[in-house]
Amino acid sequence: ELLQNDMGPGATMESYKKYLQTYYLGYAFYAEEVSKIQIPKEDVESYFEENKDTLKEDGVTLEDTDYYVDVRHILIKPVGDTEDAKTFTDAQWEACRQQAQAILDQWLKEGGGEDGFAALAEEKSQDDGSKYVGGLYENVPQGKMVAEFNDWIFDEARQIGDYGLVKTTYGYHVMYFVGSTPEWYVVCENALLKKASNELLETLLAEAKVETDYASIFLGEANLG
């Protein structure tokens, strides 16, 4: 009844399941194809030159000091006395720190490097929002992350390849600094990526074979009163 109210009088559990399978498989395929799009640096620079007056109106200039950060992390959460614990003892925090330090030591012992860090993040991180992409957060703006995390990645002395431990209210983070990109570059690159992804979608839709089973169409009654 709920499905028919939301999706139409002909909806069934089986048809809705098929719709969801098609939707999520299609979305996953599209997302994978979009991830393959690479925008050359010269194209980004050309886009900026062609649109610099409009970008300037939005406060985006070459002289702008704002930038975005790419960072990988491995989150280890403290373990409390109960499953839903919100506060932790000093000993529990120390156990959390030691676990994070052991992961950092393991990574260093295995040779370090971004690829090795990403592999450990997928294996050990407790942050479901990033672990499946190697702990990566891309194009992070100033102020988006919790204070201690933000302060570490936006430290003026931060260099590519820097690593360390950061404690936040979520737990201990094993950090790896990937790099930073000026705001103007990110804005221009994103505009070109959006254009390229829309063109890709149009191409995929044009190539897709769509068949309609008119015999399966269910006509409901409309209340025109």
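With N denoting the number of residues in the stretch 133-187, provide Rg(C-alpha) divided by 2.2 N^0.38 Å, to two decimal places.
Working: Rg = 11.3 Å, N = 55, 2.2 N^0.38 = 10.1 Å.
Normalised by 2.2 N^0.38 Å, the Cα Rg of the stretch 133-187 equals 1.12.
Which angle from 0 to 90°, rounded to the nearest 10, does the C-alpha axis of helix 41-57 make with the longest principal axis of the chain?
Long axis of 41-57 versus the principal axis of the chain: about 80 degrees.
How large is the translational diffusion coefficient of the stretch 74-148 in µm² per second when you combine the Kirkwood radius over alpha carbon pairs with Stokes-Einstein at 4 °C and 1.567 mPa s? Kindly include the intermediate steps, with their values, before the conclusion.
Details: Rh = 13.8 Å.
The Stokes-Einstein estimate is 94 µm²/s.
Sorted from largest down, what three extents in whole angstroms do the Cα atoms of the stretch 112-210 have along their principal axes?
Result for the stretch 112-210: principal-axis Cα extents of 51, 33, 26 Å.
Between the stretch 167-201 and the stretch 82-120, what is the separation of their alpha carbon centroids in Å?
25 Å
Report the Rg/Rh value for the stretch 1-78, based on alpha-carbon coordinates and the Kirkwood definition of Rh. Could you put the intermediate results ahead of the total?
Values: Rg = 22.6 Å, Rh = 18.1 Å.
Expressed as Rg/Rh, it is 1.25.
Provide the per-residue ³J(HN,Hα) series for the stretch 164-174, in order, calculated from phi with Karplus coefficients 6.51, -1.76, 1.60 and θ = phi - 60°, each as a whole number of Hz, with x at glycine and proline positions.
x, 10, 10, 9, 10, 5, 7, x, 9, 10, 7
Can you give the helix-only mean residue ellipticity at 222 nm for the chain, where every DSSP H stretch with n ≥ 4 adds -39500 (n - 2.57) and the sum goes over all residues, rounded to the nearest 500 deg cm²/dmol?
Numbers: 7 runs with 109 residues, N = 225.
Counting only the DSSP helices, I get -16000 deg cm²/dmol.
Over 25 Å between C-alpha atoms is what I'm after, so list which of LYS109/LYS131; LYS36/LYS194; LYS18/LYS194; LYS77/LYS131 land there.
Values: LYS109/LYS131 21 Å; LYS36/LYS194 13 Å; LYS18/LYS194 29 Å; LYS77/LYS131 14 Å.
The answer is LYS18/LYS194.
Counting only protein heavy atoms, what percent of the accessible surface of the stretch 1-115 is carbon or sulfur at a 1.4 Å probe?
Working: 4260 of 8580 Å².
Ligands and nucleic acids excluded, carbon and sulfur give 50 percent.
If you count only protein heavy atoms with a 1.4 Å probe, what accessible area per residue comes out for the chain, rounded to a whole Å²? Can you show the working numbers first?
Values: 15730 Å² over 225 residues.
Averaged over the residues of the chain, the accessible area is 70 Å².
Using only alpha carbon pairs under 8 Å that are at least six residues apart, calculate the relative contact order of the chain and give it in whole percent.
Here the relative contact order equals 28 percent.
Could you pull out which residues in the stretch 5-44 have an amide N less than 19 Å from a spot 7 Å beyond the Cα of LYS209, following the Cα-Cβ vector?
Correct set: 22-23, 26.
Report the semi-axes of the equivalent ellipsoid for the stretch 2-130 in whole Å, largest first, where each axis is √(5λ) for an eigenvalue λ of the Cα gyration tensor. All intermediate terms of the calculation are to be shown ahead of the outcome.
On the way: eigenvalues 272, 233, 65 Å².
In descending order the semi-axes read 37, 34, 18 Å.
Hey, what does the equivalent ellipsoid look like for the chain, semi-axes from the Cα gyration tensor as sqrt of 5 times each eigenvalue, largest first, whole Å? Show your work: numbers first, answer last.
Details: eigenvalues 334, 182, 62 Å².
For the chain, the ellipsoid semi-axes come out as 41, 30, 18 Å.
Output ³J(HN,Hα) for the stretch 201-209: one whole-Hz value per residue in order, computed from phi by the Karplus curve 6.51 cos²θ - 1.76 cosθ + 1.60 with θ = phi - 60°, and x for Gly and Pro.
Computed from phi, the couplings for the stretch 201-209 are 4, 4, 5, 5, 5, 5, 7, 6, 8 Hz.
The values are calculated or read from the model by the stated rules, or taken from the named source; none is laboratory data. All figures in this text were calculated on a predicted structure; none of them were measured in a lab. Every residue, glycine among them, receives a Cβ derived from its backbone with ideal geometry; neighbour counts consider all protein chains shown. Surface accessibility is based on the protein's heavy atoms, side chains included, excluding ligands, DNA and RNA. Shrake-Rupley method; radii C 1.70, N 1.55, O 1.52, S 1.80 Å.
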